[in-house]
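The values are calculated or read from the model by the stated rules, or taken from the named source; none is laboratory data. Being a predicted model, the structure only gives us computed values, none of them experimental. For neighbour counting, all protein chains shown are included, and Cβ atoms are generated from backbone atoms with ideal geometry for every residue, glycine included.
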Amino acid sequence: MRKFPPNFRWGTATAAYQIEGAARLDGRGPSIWDAFSHIPGKIHDGHTGDVACDHYHRYEEDIALLKDMGVKCYRFSISWPRILPQGRGQVNEKGVAFYNKLIDLLIENDIEPWVTIYHWDLPLALQIEMDGLMNPAIATCFADFARICFARFGDRIRHWITLNEPWCCALLGHGSGDFAPGRESDTEPYVVAHNLLRAHAYMVDVYRREFQPTQRGVIGITNNSNWYRPLTDSEEDRAAAERALDFTLGWFAEPVYCGCYPQSMRDRIGSKLPEFTEEDRALLKGSSDFFGLNHYSTNLAAEPPSPGTMEKKARIGGGIMGEHGVDLTDDPSWKQTDMGWNIVPWGLRELLCWISERYGHPPIYVTENGCAMPGEGDREVALNDTGRVEFFKEYIGACHEAIERGADLRGYMSWGMLDNFEWEYGGSKRFGLIWVDFEDQDRYPKASYHWYSNVCKNNGLED
Ligand code: GBH
């Protein structure tokens, strides 16, 4: 048995728009994802999050499943437009009531609620009235919304995550246009990233000044990153891999730990990269009590032989990824998930060790890790998901190795609890430990659910 440290947090995660449904119920306002998913052609087969997993009505059944699974914590996000239908102003008490019921029932079942304040569902009113994440004033809107969350729920919440994967909002929302609000630009991602970092800092500042002294929770940010392995041992390829990390993770982590963007970004992007004011810098530096990491895959990174080879990677971010000047490829021997993402468990170990070294040994939580597997539209295939069990076994094993090598990893959350509304893929990609019948909303635990349940209960991996 490979045991994990005592008090290691085993959990599973979801996000509001992906599971709740009840999109027009009890006073909820629209978000940019409601608008985006209703534009024909944006989402696989015209799916939307209107109903999703109908968790809004089925949260009791879902919490019973969590309890049975044996997780110590459950990470979910709060829908901003359910609390503030217009993004600011009047609070929707029915929305507050929903999260109160959810949080209370989790605690009654001995499951720690971990709350993500923002998992991409910006109130549509803020997009229309102020250009959403492009407007520097959005940071104050985030802080005001967060204050309401702390005030209404903070007496029972010990773990807050300000933002989920700002990289996606910047690059997929404003670069490639794959995500809401569907903007395609070479410059907007840098502005959006900048405003989100400021928003994070303002939220943390509100918590630390007004709530943390009495509520005594911790607060941090969750970023996503692949691991990038140098293609060869050459100095150029090693520098390219570091650059890829800088442009993905360092972009958001460096300001939080050091108060500035990575040097390699400043060198390459120049004046397109906004500058922090002294005040913002001071608020940002040290603004995370823990390092939240979502991790899914690994690539090979190389110095491009010539600038032309970057073209095939230019898709992500409408060309913006080309600016890091890294040639990203896959090792043909690597297996892939149904998303086409490489399965490379040791990549997580390397990334955890890299974070630990680079950012001064912070407490780390893996706040998402998981996979979609092919053929799971078919229930029988999904319930016998040996591929996912294998995936989790190896990735959790990699976490164990990272701890042995000294990383201060304190928790692991599988993504996701349920098959859900998988953004642009709608219901066609299934990441859940639990299979969902989107016709009648019945839930069916997969083999991976039972396997993961044992890991949680044993606090370790059986060999
Ligand atoms: C997460 O995003 C989200 O937080 C969650 O809502 C979502 O359901 C879940 O993942 C599953 O998709 O360069 O081709 O290797 C994950 C976002 C994952 C962003 C992998 C970039 C690299 C793709 N990302 N990724 S690739």
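Numerical summary
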| quantity | calculated |
| --- | --- |
| Qualifying residue in the stretch 187-200 (condition: among the β-branched types (Val, Ile, Thr), assigned to a helix (DSSP H, G or I), crowded, with 19+ Cβ neighbours inside 10 Å and more than 16 Å from the ligand (Cβ to nearest atom)) | yes |
| Count of residues meeting criterion [assigned to a loop (DSSP other than H, G, I, E, B) and either at positive phi or within 21 Å of the chain's Cα centre (by Cα) (or both)] in the stretch 32-41 | 1 |
| Qualifying residue in the stretch 441-460 (condition: at positive phi and within 16 Å of the ligand (Cβ to nearest atom)) | no |
| Residues that are of a type in the set (D, E, K, R) and in contact with a helix residue (DSSP H, G or I) (Cβ under 8 Å, 6 or more places away or on another chain), drawn from the stretch 365-385 | Glu376, Asp385 |
| Among the residues listed as Ser31, Ser37, the single one being within 16 Å of the ligand (Cβ to nearest atom) and in contact with a Leu (Cβ under 7 Å, 6 or more places away or on another chain) | Ser31 |
| Residue satisfying all of: in the stretch 247-290; within 16 Å of the ligand (Cβ to nearest atom) and aromatic (Phe, Trp, Tyr); nearest to Tyr412 (Cα to Cα) among these | Phe252 |
| Some residue of the stretch 399-410 being of a type in the set (Lys, Arg), closer than 18 Å to Thr367 by Cα and more than 16 Å from the ligand (Cβ to nearest atom) | yes |
| Any hit, the stretch 418-425, residues being within 16 Å of the ligand (Cβ to nearest atom), touching a strand residue (DSSP E or B) at 6+ places or on another chain (Cβ under 7 Å), part of a strand (DSSP E or B) and at pLDDT 95 or above | yes |
| Some residue of the stretch 287-302 being surrounded by fewer than 17 Cβ atoms within 10 Å (Cβ to Cβ) and either modelled with pLDDT of 95 or more or within 19 Å of Ser356 (Cβ to Cβ) (or both) | no |
| Selected residue (criterion: surrounded by the fewest Cβ atoms within 10 Å (Cβ to Cβ)) from residues of the stretch 426-436 that are within 13 Å of the ligand (Cβ to nearest atom) and either in a helix (DSSP H, G or I) or among the aromatic types (Phe, Trp, Tyr) (or both) | Ser428 |
| Lone qualifier among Asp280, Asp205, Asp246 - being farther than 18 Å from Gly325 by Cα, under 22 Å from the mean Cα position of the chain (by Cα) and not hydrophobic (A, V, I, L, M, F, W, C) | Asp205 |
| Among the candidates Val51, Val91, residue that is of a type outside the set (Asp, Glu), closer than 21 Å to Leu126 by Cα and in a loop (DSSP other than H, G, I, E, B) | Val91 |
| The stretch 157-177, subset closer than 14 Å to Tyr207 by Cα and not in a strand (DSSP E or B), residue nearest to the ligand (Cβ to nearest atom) | Ile157 |
| Sole residue being more than 17 Å from Ile19 (Cα to Cα) and free of Cβ contacts under 8 Å to residues at least 12 places away in the same chain, chosen from Glu404, Glu439, Glu462 | Glu404 |
| Residue that is surrounded by 21 or more Cβ atoms within 10 Å (Cβ to Cβ), charged (D, E, K, R) and out of contact with any Phe, Trp or Tyr (no Cβ under 8 Å at 6 or more places or on another chain), where the choices are Arg243, Arg238 | Arg243 |
| Looking only at the stretch 54-87, and only at residues there that are among the acidic types (Asp, Glu) and part of a helix (DSSP H, G or I), the one that is surrounded by the most Cβ atoms within 10 Å (Cβ to Cβ) | Asp62 |
| Tally of residues being part of a loop (DSSP other than H, G, I, E, B) and either within 24 Å of the chain's Cα centre (by Cα) or within 21 Å of Pro374 (Cα to Cα) (or both) across the stretch 437-458 | 6 |
| Qualifying residues in the stretch 114-151 (those that are within 16 Å of the ligand (Cβ to nearest atom) and aromatic (Phe, Trp, Tyr)) - the one farthest from Ile103 (Cα to Cα) | Trp120 |
| Number of the condition not met by Phe145 [criteria: (1) more than 18 Å from the chain's Cα centre (by Cα); (2) free of Cβ contacts under 8 Å to residues at least 60 places away in the same chain; (3) in a helix (DSSP H, G or I)] | (2) |
